[in-house]
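A quick write-up on the structure given underneath.
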């Protein structure tokens with residue numbers, strides 16, 4: 001029995017029965033290939049996205065289906081799970097694993113509002129097809145073939161989600177982002193000039209380079225080698241829990257950071273501070289055994305420069321980049337029908353200055369004639385003006401030309417006048433009064449009257465009737481054009497509204513990410529200010545194991561050292577000998593605004609020698625004064641006084657003073673405020 005093949009032709013759904021069958025087929029378990037469904041826009045017979053070009057790009061990987069918007073698409077939607085439908089010019093790819101049934105975002109919806117967006121939407125559909133095809137095993141299966149020959153080459157460049165590779169045999173192949181790391185942009189894995197090796201799909205000319213990628217253990221070793229304890233590093237937020245955040249230092253290398261290492265405010269919601277996929281800066285701190293540990297509460301992003309992220313492949317770019325602030329997006333206002341009419345007619349909005357003159361000057365033609373002598377008529381707005389009567393040399397026509405040149409024409413003595421633009425506009429708005437018409441005789445004061453006679457009167461009446469009929473037809477034509485234009489503008493407005501809402505949603509999502517980052521920084525700063533003011537709230541009663549304060553402190557230091565220093569490093573990072581100065585325990589109690597855990601952890605960093613390598617602790621020798629040229633403090637026994645930061649970026653930040661003795665031991669002096677420079 002031969003295995004079914006992916007259809008090689010675009011499938012078109014034309015009936016409601018076919019729509020129901022398609023909905024059932026998409027939800028059937030065991031479907032072998034992804035399906036691309038492209039809908040037509042309302043009022044259009046063909047979609048804005050070219051289905052044949054999509055099929056050409058995904059041939060053998062997915063089926064392409066076109067469905068019209070209307071009764072057919074409504075029937076299709078009624079048979080689909082909520083938020084998974086397609087209609088109105090939208091498109092989406094349905095994977096084979098059916099995760100999209102319960103998680104519609106796994107099958108993102110792509111909108112095309114005009115044929116100009118064909119390329120953009122097509123690229124996104126192709127990317128989704130590749131992603132689903134890899135998961136279905138349609139692409140990349142050749143990697144497991146033992147006899148598949150390896151192909152080597154050099155990366156020529158990166159274009160979006162594709163890399164162009166020149167092979168050593170003179171050919172050219174493509175590396176797809178979906179065949180590398182789907183959750184990492186291809187430009188963060190490969191770079192121009194890199195050597196790559198992989199298995200070639202000869203039909204699609206796709207090079208599978210996943211065999212080059214290190215596994216999770218290899219990436220963990222790379223992280224340990226690249227990031228030293230105390231350095232500020234970049235990580236990507238993978239998930240946000242109530243009490244912790246998981247941060248990836250490399251794909252598959254995750255670190256769970258507890259709330260206490262992020263913020264000291266119990267009211268903070270971590271989901272308000274972090275967004276999945278966000279790049280954050282964190283400080284690496286010692287961890288037990290061969291583990292990895294991070295802190296975020298003592299990182300000052302304005303001063304602490306993170307080290308470059310590791311490269312996932314030799315010679316490749318860093319896999320993460322520091323986040324850059326996004327520019328403010330311009331506001332999008334949907335046009336009103338009246339505003340669009342005025343704008344397209346060349347007349348400025350109400351309250352605006354005069355419109356610039358036409359580049360054609362006085363020869364601009366009939367479409368602009370009415371604008372010079374008065375308000376625009378509907379004919380002016382749409383470029384339509386009633387044609388002049390045949391009797392070119394008649395006095396009324398001379399009056400019209402005179403009006404166009406010098407302004408409004410006075411009303412003749414007999415009270416009969418030509419309709420003004422205001423008359424036409426009022427009539428169009430629904431006025432029931434008949435439009436005035438010129439005098440039947442067509443004469444003006446000072447001209448000779450027509451000869452009397454029945455024939456002349458009949459001719460005049462016939463001419464008036466013809467003019468009236470022509471005016472009526474012209475008005476009907478104008479009304480039809482106005483109505484048609486209004487419909488077109490309404491369609492444009494609705495399309496613009498859809499685009500506005502989509503853009504607003506994307507903008508809101510980006511703004512939410514930015515605000516989450518800003519909120520996290522603001523709350524961290526607020527925590528620093530609370531510590532500066534000594535208003536950190538009620539302290540948790542400490543758990544005591546010894547009645548003597550010094551024995552209790554030594555127990556806490558030893559416990560923190562055992563928990564923090566990895567087992568493999570304990571022999572090389574022992575606790576140095578130390579004594580407590582006469583004022584140390586009192587200062588530890590008297591100076592508020594800093595947690596005891598922070599003091600104990602800092603003591604471990606000092607006594608193991610790690611503090612010197614941690615920029616955030618700002619270890620330096622204490623001087624006799626505040627000046628930079630004041631001498632260092634030392635005692636007669638040769639001991640030198642040192643100062644380490646318990647807090648950073650706070651005017652009244654807490655500091656720890658200690659003496660480094662000549663034999664290598666330490667004497668803990670005091671916990672002080674920033675301005676206290678006494679030992």
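The values are calculated or read from the model by the stated rules, or taken from the named source; none is laboratory data. Worth saying up front: this structure is predicted, and the values here are computed from it rather than measured. Cβ coordinates were reconstructed from backbone atoms using ideal geometry, including for glycine residues, and neighbour counts include every protein chain displayed.
Hey, can you tell me all the residues within the stretch 505-523 that are exposed (fewer than 14 other Cβ atoms within 10 Å of the Cβ) and either in contact (Cβ under 8 Å) with a residue 40 or more places away in the chain or within 30 Å of residue 44 (Cβ to Cβ) (or both)?
Of everything in the stretch 505-523, those that are exposed (fewer than 14 other Cβ atoms within 10 Å of the Cβ) and either in contact (Cβ under 8 Å) with a residue 40 or more places away in the chain or within 30 Å of residue 44 (Cβ to Cβ) (or both) turn out to be 505, 506, 508, 509, 510, 512.
Scanning for something touching a helix residue (DSSP H, G or I) at 6+ places or on another chain (Cβ under 7 Å), surrounded by 11 or more Cβ atoms within 10 Å (Cβ to Cβ) and modelled with pLDDT under 75, does the stretch 454-474 turn up at least one residue?
Of the stretch 454-474, the ones touching a helix residue (DSSP H, G or I) at 6+ places or on another chain (Cβ under 7 Å) are none.
Within the stretch 454-474, none of the residues are touching a helix residue (DSSP H, G or I) at 6+ places or on another chain (Cβ under 7 Å), surrounded by 11 or more Cβ atoms within 10 Å (Cβ to Cβ) and modelled with pLDDT under 75.
If I go through the stretch 71-117 residue by residue, how many of them are over 21 Å from residue 497 (Cβ atoms), in contact with a helix residue (DSSP H, G or I) (Cβ under 8 Å, 6 or more places away or on another chain) and touching a residue at least 60 places away in the same chain (Cβ under 8 Å)?
5
Six or more apart or on different chains, Cβ atoms under 7 Å: show the pairs whose first residue is in the stretch 632-657 and within 15 Å of residue 590 (Cα to Cα) and whose second is at pLDDT 90 or above and assigned to a loop (DSSP other than H, G, I, E, B).
none
Identify the single condition in (1) at positive phi; (2) assigned to a helix (DSSP H, G or I) that residue 602 does not satisfy, given that it satisfies every other one.
Answer for residue 602: the failing condition is (1).
Exactly one condition in (1) outside any strand (DSSP E or B); (2) without any contact (Cβ under 8 Å) to a residue 24 or more places away in the chain is false for residue 230; which is it?
Result: residue 230 fails condition (2) only.
Any residue that is closer than 18 Å to residue 203 by Cα and free of Cβ contacts under 8 Å to residues at least 60 places away in the same chain - is there at least one of those in the stretch 11-31? Give the derivation first.
Within the stretch 11-31, the subset closer than 18 Å to residue 203 by Cα is none.
No, the conditions are met nowhere in the stretch 11-31.
What's the number of the only condition in (1) crowded, with 17+ Cβ neighbours inside 10 Å; (2) within 25 Å of residue 563 (Cβ to Cβ); (3) under 26 Å from the mean Cα position of the chain (by Cα) that residue 275 fails to meet?
Only one criterion in (1) crowded, with 17+ Cβ neighbours inside 10 Å; (2) within 25 Å of residue 563 (Cβ to Cβ); (3) under 26 Å from the mean Cα position of the chain (by Cα) is unmet by residue 275, namely (2).
Being in contact with a strand residue (DSSP E or B) (Cβ under 9 Å, 6 or more places away or on another chain) and either surrounded by 19 or more Cβ atoms within 10 Å (Cβ to Cβ) or over 30 Å from residue 56 (Cα atoms) (or both) narrows it down to one residue among 228, 204, 221; which is it?
Exactly one residue qualifies, and that residue is 228.
Within the stretch 627-675, how many residues are under 17 Å from residue 617 (Cα atoms) and outside any strand (DSSP E or B)?
Going through the stretch 627-675 one residue at a time, the tally reaches 10.
Considering only the stretch 660-675, I want to know if a residue exists there that is farther than 23 Å from residue 554 by Cα and free of Cβ contacts under 8 Å to residues at least 60 places away in the same chain.
Within the stretch 660-675, one or more residues are farther than 23 Å from residue 554 by Cα and free of Cβ contacts under 8 Å to residues at least 60 places away in the same chain.
Tally up the residues in the stretch 302-329 that are at pLDDT 50 or above and more than 24 Å from residue 222 (Cβ to Cβ), please. Show your work before the answer.
So the first thing to find is which residues in the stretch 302-329 are at pLDDT 50 or above, and the list is 302-328.
Then keep just the ones that are more than 24 Å from residue 222 (Cβ to Cβ); that gives 302-303, 324-328.
Going through the stretch 302-329 one residue at a time, the tally reaches 7.
Taking the stretch 239-253 as the search range and keeping residues that are within 26 Å of the chain's Cα centre (by Cα) and surrounded by fewer than 18 Cβ atoms within 10 Å (Cβ to Cβ), which one is farthest from residue 594 (Cα to Cα)?
The qualifying residue farthest from residue 594 (Cα to Cα) is 252.
Per-residue answers, yes or no, for (1) within 29 Å of the chain's Cα centre (by Cα); (2) at pLDDT below 90:
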residue: 133; (1), (2): yes, yes
residue: 136; (1), (2): yes, yes
residue: 140; (1), (2): no, yes
residue: 144; (1), (2): no, yes
residue: 149; (1), (2): no, yes
residue: 154; (1), (2): no, no
residue: 159; (1), (2): yes, yes
residue: 162; (1), (2): yes, yes
residue: 165; (1), (2): no, no
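Say whether the condition of being under 31 Å from the mean Cα position of the chain (by Cα) and under 19 Å from residue 95 (Cβ atoms) is met by at least one residue in the stretch 2-13. Before the answer, list the steps.
Within the stretch 2-13, the first condition is being under 31 Å from the mean Cα position of the chain (by Cα), and the residues that meet it are none.
No, the conditions are met nowhere in the stretch 2-13.
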